[in-house]
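Have a look at the structure below before the remarks.
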Amino acid sequence: MSPDRLEQLSVMGLPVHRSQNYVGWLLSNLRQGMGAHIVTLNAEMSMQADRNPDLRKIIQSADLVIPDGSGIVLYFRLQGKRIQRCPGIELAAELLQQAQAGESVFFYGGAPGVADSAMQVWQQRLPNLAIAGVQHGYLTAQQQPALRQRLKTLQPKLIFVGLGVPRQEFWIAQHRHLCSRAIWVGVGGSFDIWSGTKARAPAWFCNNHLEWLYRLYQEPWRWRRMLSLPHFAWRAFTYNRP
Ligand code: UDP
């Protein structure tokens, strides 16, 4: 059975899906035995995809691309297309909250100990959460086959990969066949936030499209990465226009 189609918008040749209920769509597919790769798109990732055709292809073939960043949402709004921002960390949290018995969860990524703490936090909040396993994100090439084997054996249903962009997208694209009926999400730094290693921007910043400003204040060495925002604005509006 094929999944219900989602309405698809486009920015710089990349898809962005519009829905009022991404989690409902994902869980309904999961419960019909269909896996999915979810990409959480923001301006920085769009710019990376513009330079990297392999990343671009992965985003184009993802089952669900959600508007994670304010830049993406503002781009569509300026074109008169309303779309609600959906931060990846919130989508991932909601998936955990709605997971049923038997829908087990695997966290992969982050510095040693971080994903473990994140999982403990979730276990305390959701005592019935079925935990398949946890793996930090700094494995050597020699250690990778053991992780592959674990995933193959465990067959978790929710697999969150927090290796940063684009490493996590490439990793998911290469490995999703191991658990073809799972939901695979690239979650960036979500384990850092759930574990309390890093703080998320206060709601006021998020609601006013200023999460990037808070991140800049927290991690000033990222200033160069922030330049992708004005680059994105320019590129998105001139894309396909002579
Ligand atoms: N990370 C990892 N393995 C690596 C490189 C990074 O597990 O080889 C983790 C890092 O510890 C952090 C996460 O990737 O928890 C996301 O990093 P960042 O905040 O840079 O993510 P982005 O903003 O690029 O999504």
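Read-outs throughout are calculated quantities, based only on the coordinates presented, and are distinct from any laboratory measurement. Computed from a prediction, not measured in an experiment: that's the story for all the values here. Note that we place each Cβ from the backbone using ideal geometry, even for glycine, and neighbour counts take in every protein chain shown.
Structure data summary
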read-out	value
Subset of the stretch 75-85 (residues that are in a helix (DSSP H, G or I) and either surrounded by 18 or more Cβ atoms within 10 Å (Cβ to Cβ) or in contact with a Phe, Trp or Tyr (Cβ under 7 Å, 6 or more places away or on another chain) (or both))	Y75, F76
Top-ranked residue in the stretch 1-26 [being in a loop (DSSP other than H, G, I, E, B) and over 30 Å from W234 (Cα atoms); ranked as farthest from the chain's Cα centre (by Cα)]	M1
Residues of the stretch 62-80 classified as over 15 Å from the mean Cα position of the chain (by Cα) and over 21 Å from E211 (Cβ atoms), total	2
Top-ranked residue in the stretch 103-122 [being more than 10 Å from the ligand (Cβ to nearest atom) and assigned to a helix (DSSP H, G or I); ranked as nearest to Q135 (Cα to Cα)]	D116
Restricting the stretch 62-77 to residues that are without any contact (Cβ under 8 Å) to a residue 60 or more places away in the chain and more than 16 Å from the ligand (Cβ to nearest atom), the residue that is farthest from V187 (Cα to Cα)	R77
Single condition G109 does not satisfy, out of (1) within 20 Å of T40 (Cβ to Cβ); (2) more than 14 Å from the chain's Cα centre (by Cα)	(2)
Candidate set from the stretch 27-45 (those that are within 15 Å of the chain's Cα centre (by Cα) and polar (S, T, N, Q)); member that is surrounded by the most Cβ atoms within 10 Å (Cβ to Cβ)	T40
Verdict on A236 being surrounded by 14 or more Cβ atoms within 10 Å (Cβ to Cβ), over 23 Å from G71 (Cβ atoms) and in contact with a strand residue (DSSP E or B) (Cβ under 9 Å, 6 or more places away or on another chain)	no
Scope the stretch 227-240; condition without any contact (Cβ under 8 Å) to a residue 24 or more places away in the chain, within 23 Å of the chain's Cα centre (by Cα) and not in a loop (DSSP other than H, G, I, E, B); matching residues	P230
Filtered residues of the stretch 178-226 (kept if within 12 Å of the ligand (Cβ to nearest atom) and among the aromatic types (F, W, Y))	F191, W194, W212, W221
Hits in the stretch 152-174 - residues which are in a helix (DSSP H, G or I) and near the ligand (Cβ under 9 Å from one of its atoms)	R167, Q168
Residue that is surrounded by the fewest Cβ atoms within 10 Å (Cβ to Cβ), among those in the stretch 123-137 that are more than 16 Å from the ligand (Cβ to nearest atom) and within 16 Å of P156 (Cβ to Cβ)	N128
Condition met for P202 (surrounded by fewer than 16 Cβ atoms within 10 Å (Cβ to Cβ), under 21 Å from I89 (Cβ atoms), of a type outside the set (F, W, Y) and free of Cβ contacts under 8 Å to residues at least 60 places away in the same chain)	yes
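Matching residues to (1) of a type in the set (D, E, K, R); (2) under 21 Å from R222 (Cα atoms); (3) under 11 Å from the mean Cα position of the chain (by Cα):
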position	(1), (2), (3)
M47	no, yes, no
Q60	no, no, no
A92	no, no, yes
L95	no, no, no
Q98	no, no, no
